[in-house]
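Peer 1: Okay, here's the structure, questions in a sec.
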Amino acid sequence: MKVLVTGGAGFIGSHLVKLLANGGINVRVLDSLIHGQKEGLPKAVEFIQGDIRDSDAVKHAMQDITHIVHLAALVSVTESMTDPVSTNNVNVAGTENVLFSARESGAMRFVYATSAAVYGDEPSLPKKESSPLRPLSPYAVSKVINELQSDMYNRVFGLSTIGLRFFNVYGLGQSGNHPYASVIPRWIEMLKKEKSITIYGDGSQTRDFVHVRDVAEAIYSALMSDATGVFNVASGKETSLNDLLLIIKNKYPKQFEIKNETARAGDILRSVADISESKRALSFKPTIEITNGIEELLIS
């Protein structure tokens, strides 16, 4: 078994690569390093710097690979609203490159990251894999297309594909330094700089926060499984931003200022996953409670 992880130097990818390498699995990483950090990877891991839009780089990285985990993507909803063409080029055309190369190389298994963003403003809760898809951003649309691409490669070309719909992933190693960062790393970064925390909207919007180590375990299970289709990867618990703020207040010893700004276009009001299918097919069981995950970030 030899695993290629695209985007393996990124936030989720680096946690997965460490998990695989520590388990004695032969791992190769393909990453452009636009956002990733090569320094955090285990020394035993083979690294190739390259872009998934470059078909030659992808073909080179795919040599002798049996299993692929495709994580490389532009993941910012907000940036996709202002630059949808770049999002489409990386997420759609880049994924087609990786799928085609996987098919041509005779790879056995293709695990890819999709997103809870595909559900958009579909009102029913919790979100099930069978829920209607109502994407609200170019990023979300790109993930819907990824699911269609991968399903077609499974049905038409016989490539065993499985998509994992990640909800709001958080944990150590996630950047909070840029204006489009996810809410948890952004807030933690502001606290450590003794700056104010900004809430877009009234704070009643909810998310399903899942720890990155639980996500890495889910990806590992998907690699080892023969299940196909798409599966939610989440905690199965709904947390409002106001609830998140209360957790931080209870764990953080200093006072801090809170600012409210207008809600952003493309942001989803409520989100929580039904993870019963992931439990059934992948034996997925999230283990890290958000209070413990936040405490780990605050003391890091």
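The values are calculated or read from the model by the stated rules, or taken from the named source; none is laboratory data. These numbers were taken from a predicted model, which means no experiment stands behind them. In this analysis, Cβ positions are derived from the backbone assuming ideal geometry, glycine residues included, and neighbour counts consider all displayed protein chains.
Peer 1: Could you count how many residues in the range 231-267 are in a strand (DSSP E or B), more than 24 Å from residue 114 (Cβ to Cβ) and within 23 Å of the chain's Cα centre (by Cα)?
Peer 2: 1
Peer 1: Give the residue, chosen from 221, 182, that is surrounded by 15 or more Cβ atoms within 10 Å (Cβ to Cβ) and farther than 28 Å from residue 263 by Cα.
Peer 2: After ruling out the rest, the residue left standing is 221.
Peer 1: Can you name the residue in the range 52-90 that is of a type in the set (A, V, I, L, M, F, W, C) and part of a helix (DSSP H, G or I) and, of all such residues, is farthest from residue 149 (Cα to Cα)?
Peer 2: Result: 81.
Peer 1: Still on this structure: If the requirement is being modelled with pLDDT under 95 and out of contact with any His (no Cβ under 6 Å at 6 or more places or on another chain), which of these qualifies: 176, 106?
Peer 2: After ruling out the rest, the residue left standing is 176.
Peer 1: If you don't mind, another one. Pairs only if they're at least six apart or on different chains, beta carbon under 7 angstrom, first in the range 46-68 and without any contact (Cβ under 8 Å) to a residue 40 or more places away in the chain, second in a loop (DSSP other than H, G, I, E, B) and surrounded by fewer than 21 Cβ atoms within 10 Å (Cβ to Cβ); list them, first residue then second.
Peer 2: Within 7 Å, the pairs are 49/32; 49/33; 50/32; 57/50; 57/51.
Peer 1: Go through the range 190-224 and count every residue that is more than 19 Å from the chain's Cα centre (by Cα) and outside any helix (DSSP H, G or I).
Peer 2: 13
Peer 1: Test residue 235 against the stated conditions and say whether it is under 17 Å from residue 183 (Cα atoms), buried (at least 20 other Cβ atoms within 10 Å of the Cβ), of a type in the set (S, T, N, Q) and touching a residue at least 40 places away in the same chain (Cβ under 8 Å).
Peer 2: Yes; evaluated as a whole, the condition is true for this residue.
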